[in-house]
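Notes follow once the structure below has been shown.
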Amino acid sequence: MNYNTNNNNDTDRLTSLPKPIRNHILSFLPIQDIIRIRTLSTKWLNICSFLTHYDFNQLSFPNRTFIDNFTFKDFIYQTLLQHNSSDISKLKLSIHIDHYHHSSVIDIYTWISFAIRHNVKEIDFIVLSGKIETFPTCLFTSKSLDKLYLENVTKFKVPLWVKCFTNLRSLSIVSVEFWDDKEGIRLFSSCDLLEELTIINCYFKNLDLLKFPGKKLKYLKLLGLSRFIEVDIDFPNLRRLVYSGRVPIISFQTLLSLHYVEFDLALPPRNANGEDRGLIEYRVSKILEGLRNVRELTLEGLCIELLTRDSHLLERLPVSCSSLNHLKLALYPDTNQVNIVMSLLRRFPNLQTLYIYMKVLTLTNMAKFGGHQQSQEPSLESTFNCLRKVEIKYFGESKSELELVKYLLGNGTVMEEMTITYSQHKKTDRTSREATKEKLMTFTRASPKVEIMFS
């Protein structure tokens, strides 16, 4: 009896909430749970009529069919049919596609068109299996659509006779294959108001150069592109760039506009044996030289490696970059790379946090680019008057790594915390770890309050 009373009180509290708050809470729930809520009270019978978020995920739908062969497709239709005339904020579809057992292309057209008619702002469309090449024209011409996410779409076609996504501000395409390369370029070029663009693991058949306009673009994420594709980045208002691939071409105006940058650079396949190495190194130096207003910077892949190839590259960089506050580096425990990093750090007087990831040094890594030029020993008179936190991961206890720790401790005048995480093979060698720990504790510390932690 008490249980029922408490349950009724809980229901009353739910139903007494203002409608906007109720809708906001419901937007975080899976659609199946929302349907179950209808059993709590008669006041919730029409719950689906005013929903603003619809998330239909076939992976979370029972494999068995319900009574009278009630399928996932039927579930979507029944749910949407209960919706009233109010606007829809988001529609998310994660579905299997075929014409026999799952949703057909016609079904998908119907659901997307329904959302467009209700002024949907955001659509996520994820193909779990099957293929779809085209979408209803209303998707491309929608005036309300603000954000679009597409995943696992093959042979994607973009209409020739309409200007696409004129009001779209955010576009994400993941594992998308276009009908031909021009379809992709036409898609990116059509979105005049686009501010955020994400391209991950997308396939272009014969594309040599990826370049398109984007005057309003502020965020760009490019990952998993073929290393045969050259990328030209020229967006005057770009603020954040996340990039993985061959060394790109980036305009000087774009470099000056960037505040947050993540690079994971690689060589193009045809240059793996050293062809055009000078051009690649020149591009790297121009990129680092142009990042004069960057606040957060990540350099992974071959970034540090390429700086060690030519001592003049580092000399061409600005003497000081006062805007940088947070830096993340990936490097090999090689003396030349460590020396380069020490010299590089001197150029960032306002650096506050430093994260370093040590990579495993193998014979293949050492021979990949041929011999290194011997880098000069960095000045030990540097001081880091803003650096408060340092984290070093996959620490292998090599001589160069110890020198780096010694350098940071000896020059970090306000450092509060240094965290060292051992590499996997060192975690099993307790004797070696204890010896290294004792040695580190003897290093001079410029900051009396720095705490060194090991894991």
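The values are calculated or read from the model by the stated rules, or taken from the named source; none is laboratory data. The structure presented is a predicted model; accordingly, all values stated were derived computationally and were not measured. Cβ: placed from backbone, ideal geometry, glycine included. Neighbour counts: every protein chain shown.
Quick look at the values:
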{"quantity": "Residues of segment 222-240 classified as over 19 Å from L267 (Cα atoms) and part of a strand (DSSP E or B), total", "calculated": "1"}
{"quantity": "Out of F212, F188, sole residue that is crowded, with 16+ Cβ neighbours inside 10 Å, part of a helix (DSSP H, G or I), at pLDDT below 95 and within 21 Å of the chain's Cα centre (by Cα)", "calculated": "F188"}
{"quantity": "Cβ pairs under 7 Å, 6+ apart, first in segment 109-131 and aromatic (F, W, Y) and assigned to a strand (DSSP E or B), second modelled with pLDDT of 95 or more and buried (at least 18 other Cβ atoms within 10 Å of the Cβ)", "calculated": "F125/L93; F125/L150"}
{"quantity": "Criterion violated by T154 - all others in (1) surrounded by 15 or more Cβ atoms within 10 Å (Cβ to Cβ); (2) out of contact with any Asp or Glu (no Cβ under 8 Å at 6 or more places or on another chain); (3) at pLDDT below 95 satisfied", "calculated": "(2)"}
{"quantity": "Long-range neighbours under 6 Å by Cβ, at least six apart or interchain, first residue under 17 Å from E401 (Cβ atoms) within segment 342-355, second assigned to a loop (DSSP other than H, G, I, E, B) and not basic (K, R)", "calculated": "M342/P378; S343/P378"}
{"quantity": "Residue tally, condition surrounded by fewer than 16 Cβ atoms within 10 Å (Cβ to Cβ) and at pLDDT 95 or above, over segment 168-179", "calculated": "0"}
{"quantity": "Residue among L331, L313, L354 that is touching a helix residue (DSSP H, G or I) at 6+ places or on another chain (Cβ under 7 Å) and modelled with pLDDT of 90 or more", "calculated": "L331"}
{"quantity": "Matching residues in segment 133-151 - criterion: being out of contact with any helix residue (DSSP H, G or I) (no Cβ under 9 Å at 6 or more places or on another chain) and of a type in the set (A, V, I, L, M, F, W, C)", "calculated": "L150"}
{"quantity": "Selection from segment 149-185 of residues that are within 19 Å of H96 (Cα to Cα) and either assigned to a strand (DSSP E or B) or aromatic (F, W, Y) (or both)", "calculated": "Y149, L150, E151, F156, I173, V174, E177"}
{"quantity": "Residue count, segment 135-148 (criterion: part of a loop (DSSP other than H, G, I, E, B) and aliphatic (A, V, I, L, M))", "calculated": "1"}
